[in-house]
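Enquirer: Okay, handing you the structure first.
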Amino acid sequence: MNTIALKAEADQIFTRKRLMNFGLPAVVLAYLAYIFFAFDIPGLAERARMDNARTLVADSYSYKTHVTRDNRSGAVTVSIEGERKGNYPEGQTPAWVTVNDGTTLIDLGDGHLVNFHADGGMDYTIPDFGLITARPTTGGVETNLDPAAVPDWINLSKNRLAITTGAGRVSVTRNRTEVFRYFPGWELFFFTLDSPFHGRSPLDLAGLALSSDRVEPARSNLSAILDDFWNNAMWRHGDVAWALFETILMAFLGTMGAAMIALPMAFMAAKNFTPVLTVRFGIRRLFDFVRGVDGLIWTIILSRAFGPGPMTGALAILVTDTGSFGKMFSEALENVDGKQIEGVQSTGAKPLQRYRFGVIPQITPVLLSQVLYYLESNTRSATIIGAITGGGIGLLLTQAIITQKDWEEVTYYIVLVILMVMMMDWLSGLLRRRLIRGDESGH
């Protein structure tokens, strides 16, 4: 009987294992199938525009020069990123653009040639494909292309012709004809076209900075170089630096303000310091309420109440973190050693002195560790909060994304945000070592 019972039990265990081995993959597959249809994965694949993705990626690490003809007036302009602040001065063009007697020849390299004709027409010579002609008219854009036989790198409609090749892009509408040519790097990042220092090498700039022969009589070369960089009209380095400072300030004010408010309230939430149950219950539910509402929700509410600005962002961080700090600080207070408090009390210390010398030293490591961690985290959060409240680097990042044209600026701001977070991570780690564990010398 014992042998039969053991065999039956072994069979049951084996059966359960087989069911588990079969059931777990089945559950996973069912979940993945649900995700596939619930999140409309097939529709997402259909809506994906890889051509737009390639354009955005190219814009992030390169710049494009626009050669634009106004089809109504015939005027031709050449500019970096199509902005007026990046216009080439009248009579000056890049070496690959030739303007002569109403015609404009654009050499995109590798045999790609675009020609703007004086009569308003345009032709594009593409190696291994042939000649494409286009003429804007009141009825749309006339071309020599067969709409039913164009390749996928040509977008043709009644009112627009768009050609995208490895050499560049060409766009023709009734109002204007535009050529885009990409180059690696961020042109005009240091100096704009109207600066006397544009196009100079770093070695040349270093020599000018140390030279007594002034490029501009009114100021020294070093001052002129720094001023032209700081006040760059295209990249706005001065505004960006101030926006970064606002972001860090939002995080600092919100975090430190929350810590200062939460600490005294934490004493009222700790059962070993506040024996009155109703007081403890009320303070703890207040902590739950303010930290239970997401920081972005508080940001929107406070923006409606106080208007946009970095101070509103700091208040949103303060409100959210007050609840988090209050919970953590009260738990730390409930775990303090009562003997140290009794020792301070035996010296005749008053209640505030007992808290100052008997309680605070015990919870200081926890307080500093949590506050510094939240300061680091809030530096990232302040970027998103700034986008809502209209302050800090988040505002500039949002503006650059909305324009959908200068994605190298988006990349620039993202890189700065990453560097800012890395700096705050390093700084908070340094402060933890110095304030909590002490430096290497043991002081």
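Enquirer: Within the bounds of the stretch 69-84, is there any residue that is in contact with a Pro (Cβ under 7 Å, 6 or more places away or on another chain), assigned to a strand (DSSP E or B), in contact (Cβ under 8 Å) with a residue 12 or more places away in the chain and open to solvent by less than 30 Å² (accessible area, probe 1.4 Å)?
Expert: yes
Enquirer: Let me ask another. Hey, among the residues in the stretch 164-221 that are among the aliphatic types (A, V, I, L, M) and free of Cβ contacts under 8 Å to residues at least 40 places away in the same chain, which one's nearest to A75 (Cα to Cα)?
Expert: Applying the filter and picking the extreme gives V215.
Enquirer: Okay, next question. What number of residues within the stretch 44-68 satisfy the criterion of being open to solvent by 50 Å² or more (accessible area, probe 1.4 Å) and either touching a residue at least 12 places away in the same chain (Cβ under 8 Å) or in a strand (DSSP E or B) (or both)?
Expert: Total satisfying the criteria: 3.
Enquirer: Restricting to the stretch 194-232, and then to whatever is aliphatic (A, V, I, L, M) and in a loop (DSSP other than H, G, I, E, B), can you tell me which residue is surrounded by the most Cβ atoms within 10 Å (Cβ to Cβ)?
Expert: Once the filter is applied, the top-ranked residue is V215.
Enquirer: Taking the stretch 22-57, which residues are small (G, A, S) and at pLDDT below 75?
Expert: Once the filter is applied, which keeps residues that are small (G, A, S) and at pLDDT below 75, the stretch 22-57 yields G23, A26, G43, A45, A48, A53.
Enquirer: Output the number of residues of the stretch 284-343 satisfying the condition of being β-branched (V, I, T), free of Cβ contacts under 8 Å to residues at least 24 places away in the same chain and open to solvent by less than 40 Å² (accessible area, probe 1.4 Å).
Expert: 1
Enquirer: Tally time: how many residues in the stretch 85-131 are free of Cβ contacts under 8 Å to residues at least 60 places away in the same chain and of a type in the set (F, W, Y)?
Expert: So the answer is 2.
Enquirer: What number of residues within the stretch 85-128 are open to solvent by 30 Å² or more (accessible area, probe 1.4 Å), under 14 Å from A167 (Cα atoms) and under 38 Å from the mean Cα position of the chain (by Cα)?
Expert: 4
The values are calculated or read from the model by the stated rules, or taken from the named source; none is laboratory data. What you are looking at is a predicted structure, and each value in this text was computed from that prediction instead of being measured. Counting neighbours? That spans all protein chains shown, and the Cβs are built from the backbone with ideal geometry, glycine included. When the accessible area is computed, the model is the full protein with side chains, heavy atoms only, and any ligands, DNA or RNA have been set aside. Shrake-Rupley method; radii C 1.70, N 1.55, O 1.52, S 1.80 Å.
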